[in-house]
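Let me begin by presenting the structure, written as structure tokens, before commenting on it.
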Amino acid sequence: ARIVVLVSGSGTNLQALLDAIAADPEGYGAQVRIVAVGADRGGIAGLERAERAGVPTFVCRVKDHASRDEWDRALAEATAAYEPDLVVSAGFMKIVGKEFLARFGGRTVNTHPALLPSFPGAHGVRDALAYGAKVTGCTVHFVDDGVDTGPIIAQGVVEVLDTDDEAALHERIKEVERTLLVDVVGRLARHGYRIEGRKVHVGE
Ligand code: GRF
């Protein structure tokens, strides 16, 4: 499958995908082809990781567009240019809009650092900690028009420790998240999938 990955930050989830491809070029790498990495900002480690791996990049900034809708259209255009079968939002900190969803809805996957439907939004780790949750984790799901509300593909559980602060907990979640994302993207690419309401059937 041709895959466009969208990032906004450090890009360690992207790196996990790139590493899985490099480690198994004939197997995983033959199924999962990252054809481009897009970002909503420049100067981030995520883009450097892509460049180091020889993957084309593009940047689409909200402030370079007259409106949020125009930005969304530009992001959709830039993504479409690489003809992806799947889009992976891996730490992409923007909500995509109507046009993007019209073109890539049902084939855009997001990873979120909490066990949805608990703690959606930009501060999933902080919110779980503040709530006093004893377990949290990560969720890989399809993107729909809500915030972290789309059909769930897979989840990983992480225990919250008494000693945790946001950074420590997020780091442990990200370890689980990277493995989960590599696995999910591999399975979607290898076996195909069907979304039926809120149920995701992989390889049936
Ligand atoms: C991940 O935990 C993702 O779920 C969250 O931001 C983090 C991105 O990390 N929204 P990275 O950029 O892949 O290192």
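What follows is calculated from the coordinates using simple rules that are stated; it is not laboratory data. Not measured: the values here are computed from a predicted model. With ideal geometry, Cβ positions are generated from the backbone for all residues, glycine too; neighbour counts draw on all protein chains shown.
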Would you list which aspartates and glutamates come within 17 Å of residue 199, measuring only between C-alpha atoms, while excluding same-chain residues fewer than 8 positions from it? 144, 145, 148
Eigenvalues of the Cα gyration tensor times 5, then square-rooted: what semi-axes does that give for the chain, in whole angstrom, largest first? 24, 20, 18
Rel. contact order, % - alpha carbon contacts under 8 angstrom, at least six apart, region 99-204: 24 percent
If neighbour count is taken as other Cβ atoms inside 10 Å, put 94, 134 in order from fewest to most. 134, 94
Once phi is turned into θ = phi - 60°, what whole-Hz ³J(HN,Hα) does the Karplus curve with 6.51, -1.76 and 1.60 give for every residue of region 145-158, x standing for Gly and Pro? 7, x, 9, 6, 10, x, x, 7, 9, 7, 9, x, 9, 9
From the Cα trace of region 136-204, what convex hull volume per residue do you get, rounded to a whole Å³? 91 Å³
Going from the fewest other Cβ atoms within 10 Å to the most, one would list 40, 148 as 40, 148
Pairs of Cα atoms under 8 Å, at least six residues apart: use those to get the relative contact order of the chain, whole percent. 19 percent
Among the listed pairs 63/134; 63/98; 98/134, which have their C-alpha atoms separated by more than 30 angstrom in this model? 63/134; 98/134
Equivalent ellipsoid semi-axes for region 58-105, as square roots of 5 times the alpha carbon gyration tensor eigenvalues: give them largest first, rounded to whole Å. 16, 12, 11
Divide by every residue of the chain the summed helix terms, -39500 (n - 2.57) for each DSSP H run of at least 4, and state the resulting mean residue ellipticity at 222 nm, rounded to the nearest 500 deg cm²/dmol. -11500 deg cm²/dmol
